[in-house]
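Everything on this sheet refers to the single structure shown next.
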């Protein structure tokens with residue numbers, strides 16, 4: 001098992017070097033001929049099934065996009081959804097992402113059972129339900145405080161679809177945001193802010209770490225609206241880069257996670273395609 005993990009990590013490091021070198025070559029050849037990748041997102045008050053969305057929050061300083069739990073290609077996995085990538089909507093609540101920016105997106109699909117949330121590698125975003133320890137001490141009440149993950153409701157990523165993956169996502173007109181409730185775990189997403197303090201050269205530096213957290217009961221002092229920004233359109237020279245489907249390829253998402261050996265049936269987004277000695281960025285609309 002250790003050798004398997006080491007091999008996968010080694011492959012990711014090789015990919016990172018290859019992507020850096022390959023992308024430098026692609027840019028040098030095409031920067032004057034092709035336009036920059038542009039993805040336009042608009043804030044919305046409803047979900048269109050099958051569309052890609054940025055899940056965003058607004059702090060007192062900026063807008064931040066939620067990210068899937070950090071992954072190295074191992075499924076299923078438990079983790080946290082941090083909000084660290086910043087973006088800047090205009091007065092019309094629209095923003096544009098360029099080719100050198102990475103903003104995480106999620107594909108929302110609705111059916112009669114509810115809403116499915118998919119992210120990198122087509123993994124479904126769900127909630128891991130902790131076992132009740134029977135002590136009644138509050139450790140299994142859903143609070144994501146980082147003290148005992150085994151007794152907390154945390155995010156679960158899995159590529160296998162089952163009935164526990166469904167969410168109820170409803171729009172709240174008063175806040176202009178959405179309420180995300182996981183049906184199986186009966187938990188609601190809240191916005192959690194953790195204050196971090198560190199000392200540098202005798203000076204205490206305070207920073208803040210934002211994340212989405214599932215709660216059985218959401219504390220009022222930890223709630224901020226959760227907004228959805230829908231992918232509206234893309235304009236890209238990257239998508240016109242020639243890809244020979246007959247040459248074996250390996251496809252990775254922008255997190256470096258391998259998502260397949262073909263561009264077919266992938267959600268909208270930017271992917272890294274490795275064919276032989278060539279590494280290219282490809283935009284799927």
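The figures follow:
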| quantity | calculated |
| --- | --- |
| Candidates 52, 84 - the one that is modelled with pLDDT of 85 or more, within 17 Å of the chain's Cα centre (by Cα) and more than 28 Å from residue 152 (Cβ to Cβ) | 52 |
| Strands (runs of 3 or more DSSP E) contained in the range 152-232 and holding at least 2 residues over 19 Å from residue 115 (Cα atoms) | 187-200, 203-215 |
| Complete set of residues in the range 237-275 that are at positive phi and at pLDDT 75 or above | 260 |
| Residue list for the range 266-279, filter: surrounded by fewer than 20 Cβ atoms within 10 Å (Cβ to Cβ) and either touching a helix residue (DSSP H, G or I) at 6+ places or on another chain (Cβ under 6 Å) or without any contact (Cβ under 8 Å) to a residue 12 or more places away in the chain (or both) | 277 |
| Hits in the range 62-79 (condition: modelled with pLDDT under 85 and either assigned to a strand (DSSP E or B) or buried (at least 20 other Cβ atoms within 10 Å of the Cβ) (or both)) | 77, 78, 79 |
| Filter result (free of Cβ contacts under 8 Å to residues at least 60 places away in the same chain and either closer than 16 Å to residue 58 by Cβ or within 18 Å of the chain's Cα centre (by Cα) (or both)) within the range 162-177 | 165, 166, 167, 172, 174, 175, 177 |
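Yes/no per residue for (1) at pLDDT 90 or above; (2) under 23 Å from residue 48 (Cα atoms):
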position: 101; (1), (2): no, no
position: 121; (1), (2): no, yes
position: 134; (1), (2): no, no
position: 146; (1), (2): no, no
position: 153; (1), (2): no, no
position: 162; (1), (2): yes, yes
position: 188; (1), (2): yes, yes
position: 193; (1), (2): no, no
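The values are calculated or read from the model by the stated rules, or taken from the named source; none is laboratory data. Values in this document were obtained by computation on a predicted structure and should not be read as measured data. Please note: Cβ atoms are built from the backbone with ideal geometry, for glycine as well, and neighbour counts cover all protein chains shown.
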